[in-house]
Structures are given as C-alpha cells and as structure tokens.
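Worksheet for the structure shown next.
The values are calculated or read from the model by the stated rules, or taken from the named source; none is laboratory data. Note that the structure is a prediction, hence the values are computed from the model and not measured. Counting neighbours? That spans all protein chains shown, and the Cβs are built from the backbone with ideal geometry, glycine included.
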Amino acid sequence: MTIEELIKLAEKINDNNLREKVIDLIKNPKLTFLDPPNDYINFEISPASKRRHHSYEKGLIIHTLATTKIALALCDIIEEVYKTKVNRDIVIAASLLHDLFKYFTYSQEESKYKRSSIGERIDHLSLIISEMYARRFPLEVIHAVLAHHGKTGPIEPRTLEALIVHMADSVDAEINDEVFFAAKNIIKECMGIDLEILPKGISPFEIIKVKKEEGCEGIKRIFEVKKCTG
C-alpha cells in the first residue's frame, strides 16, 4: 500500500479546490501552525495505533485506504437502496484525512510503538482539525473528520456524510483489531513468542491465511523467510 493509492482515491473528488487541498495534504502531510519535536515516525510506515488495530508497518495507510473504500461502498448502498443522495466529495475527503496526523503522535523503539513528544501533549484529531482550519477546508469536511469517533469523540456525526465516515472507520478498525489479535495468538501458539507489534512486512491477514492452509509449519516458514531477508 502506498501514498499513490490514496491520491488515486482523492482524484475522485469532483470539486477542484477540495481535491487540490486533499491531494496537497496527503503529498505533504506537514503541520503549518506548529513545529513539532522531530521524534515521530515516518508517515509512509506509520501504524494506525500503538497496540491495537493496524499496529504494524504501513498500518495507517492501509487503514486509510480501507476506510475510504468502505465509506464509498456505504455511499453506493445508501444511494441504491435508500434512494438518498450522498455528497461523496465530503466522504472521500474526510475518510482520507481522518487519521492522517496519527504519525506525528507515534515513535518507534525496537519492537514497540510509543507516544512521540507531541503525542504526549496533543492528540491526532486536534492536530488534523487545526491544520484543516489553517488550510481553510470546508466546514462540512472538517465536521466529518471531527465527528469520526462517534459518541466517544468531541462531537457526534450530524450529517449523513459524517455518519458514513464514522461507520466506515469503526468497521475497518474492528475487523482489523479482531484479525490482528487472532494473528498474535497464532504466533504465540506456533512460535512461542508474545509480540506487541508484528514484524516488518508481515500482515495479520497473511498469518491467518497461512495458518489455515499450512498450519504452524507455515508460520515458522514465514518467520524464517523474514529473518533471512531482514
């Protein structure tokens, strides 16, 4: 998964101004209102959480891509089944940006993800919302990002588009969370090791698939290959 795949989705935004803003922020995900300490992880390899869903290399990009695709699928269902028009520009923009600045809040120490210096003081949602204000994003897109945590966030979704983004985010996080913990249990069963994060280049879905098809011998093979290739 790469940034280019996120940009391809951003290119589906019809509004020229919004599309340019989103693509620019994805290509250059920098803070313009604050100079954070330089101990955060690189955006392209960042996880989407420290110990739960997508807690592995490139987890943030994978989660963002999946959330946006789920959100677009929900748009299809709502329009086809419920005959209700959805503003897809808002949905795509908010889905792509909702967790964008999580990478600022994480650092990595060997086999653990930790809070960065800025992550100890400011959460990712406050960072992205502040940057969106600074870059003059439309209010409806800002709301959809601000409300993506649903009842546990600072404000609940108050538009259909915001609700779609929230549901898509929740679905992908929950699916990956379940698979991630299942993969960790398989690794513990087969390898006798209790990992906090998965090794570089190993997907939890790959672990599930290999265990089903090859048993523990397949899991041992994966780890041996990763060990040999670094």
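Within the bounds of segment 24-38, is there any residue that is in contact with a Ser or Thr (Cβ under 7 Å, 6 or more places away or on another chain) and modelled with pLDDT of 95 or more?
There is no residue in segment 24-38 that is in contact with a Ser or Thr (Cβ under 7 Å, 6 or more places away or on another chain) and modelled with pLDDT of 95 or more.
How many residues does segment 144-174 contain that are in contact (Cβ under 8 Å) with a residue 40 or more places away in the chain and either assigned to a helix (DSSP H, G or I) or over 13 Å from D99 (Cβ atoms) (or both)? If you could, list the steps in order and put the result at the bottom.
So the first thing to find is which residues in segment 144-174 are in contact (Cβ under 8 Å) with a residue 40 or more places away in the chain, and the list is 144-145, 148, 159-162, 164-165, 167-169, 171-174.
Then drop every residue that is not either assigned to a helix (DSSP H, G or I) or over 13 Å from D99 (Cβ atoms) (or both), which leaves 144-145, 159-162, 164-165, 167-169, 171-174.
The number of residues fulfilling the criteria is 15.
With respect to T67, determine if the residue is closer than 30 Å to N185 by Cα and at pLDDT 95 or above. Before the answer, list the steps.
Values: closer than 30 Å to N185 by Cα: yes; at pLDDT 95 or above: yes.
Here the answer is yes, as T67 does meet what is asked.
From (1) of a type outside the set (A, V, I, L, M); (2) surrounded by 19 or more Cβ atoms within 10 Å (Cβ to Cβ); (3) over 11 Å from V91 (Cα atoms), pick out the condition that doesn't hold for F181.
The number of the failed condition is (2).
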